[in-house]
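Asks: So that we are looking at the same thing, I have put the structure below in structure tokens.
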Amino acid sequence: MQPYMACLNIRREDKSVRCGGFLVSENFVLTAAHCNGDKITVSLGAHNVKQWEQSQQKISVRRRIPHPKYNRQTHNNDIMLLQLEHKAELNEQVKLILLPPTHQRVKPGTVCSVAGWGRTSALSKVLPDVLREVDLKVLDDEACLNYPGGTYRNYNTGTMMCVGDPKEHKAAFKGDSGGPLVCGKTAQGIVSWGPVNGSPPRVYARVSTFIPWIEATMRKLQP
């Protein structure tokens, strides 16, 4: 179990959607801006989201703060802070994850991991109940920029990361959105977008670019 992981239950009109997120302070969760909705509930300390587990803390979201420059068409600045209704209780099952220094870049070739409750294949419509994790390689920006067919034409080297070796057929997929790409002990990326069929590489929001915005926003809203 990853103690920093958050499972987001998002209501959009009469639909329910699932995303991932991660705890960055006692009352803030970081996720993707495209995971926004009318009402969000966060589960912390969860392994199996369908079962009641003693470790779980379910907390409503008081405020949703998507990045002011989030662009739904290009997926740029796909990052959002969620202020929780009250502080999470930190313990062995619920912990914070470190954020990187501003503008730190992860070396291509670094193997990082991503966890989530997302679909495990393009053919499966079912979301798994149990948290799964996969190791993925960080690629250089060119791997996305020069990819044939213009799949990644909206790739932005300042705000995005290109992740997942196309030869390995491993990737984050639907339902994993908003979860962290963890390199070492640091959340370097946020699951954002990629080809509809789920194949790698996938694009992640580059957390280090947004550190000034994250810190300023949390400071402004801290009670």
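The values are calculated or read from the model by the stated rules, or taken from the named source; none is laboratory data. Remember, it's a predicted structure, so these values are computed and weren't measured experimentally. Every residue, glycine as well, gets a Cβ built from its backbone with ideal geometry; the counts of neighbours run over all protein chains shown.
Asks: Return the pairs, sorted by first residue and then second, in which the second residue is part of a loop (DSSP other than H, G, I, E, B) and of a type in the set (S, T, N, Q), the first residue lies in region 91-111 and is under 19 Å from residue 23 (Cβ atoms) and free of Cβ contacts under 8 Å to residues at least 24 places away in the same chain, the beta carbons are less than 6 Å apart, and the residues are 6+ apart or on different chains.
Replies: Filtered contacts from region 91-111: no entries.
Results for (1) crowded, with 18+ Cβ neighbours inside 10 Å; (2) under 28 Å from residue 157 (Cα atoms); (3) at pLDDT below 95, shown as yes or no for each residue.
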{"site": "24", "(1), (2), (3)": "yes, yes, no"}
{"site": "61", "(1), (2), (3)": "yes, no, no"}
{"site": "88", "(1), (2), (3)": "yes, no, no"}
{"site": "95", "(1), (2), (3)": "no, no, no"}
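Asks: May I pose another question? Does residue 203 satisfy being closer than 16 Å to residue 103 by Cβ and at pLDDT 95 or above?
Replies: No: the conditions fail for residue 203.
Asks: For residue 106, state whether it is touching a Cys at 6+ places or on another chain (Cβ under 9 Å) and in a loop (DSSP other than H, G, I, E, B).
Replies: Here the answer is yes, as residue 106 does meet what is asked.
Asks: Kindly provide the set of residues from region 76-96 that are β-branched (Val, Ile, Thr) and over 18 Å from residue 56 (Cα atoms), ordered by number.
Replies: Selection gives 79 alone.
Asks: Contact list please: Cβ distance under 6 Å, first residue in region 54-67 and assigned by TED's automatic domain parsing to the domain that holds residue 10 and touching a residue at least 60 places away in the same chain (Cβ under 8 Å), second residue of a type in the set (A, V, I, L, M) and part of a strand (DSSP E or B), pairs at least six apart or on different chains.
Replies: 65/81
Asks: Output the residues belonging to region 30-53 that are within 19 Å of residue 180 (Cα to Cα) and either not assigned by TED's automatic domain parsing to the domain that holds residue 15 or not in a strand (DSSP E or B) (or both).
Replies: 32, 33, 34, 35, 36, 45, 46, 47, 49 - these are the residues of region 30-53 that are within 19 Å of residue 180 (Cα to Cα) and either not assigned by TED's automatic domain parsing to the domain that holds residue 15 or not in a strand (DSSP E or B) (or both).
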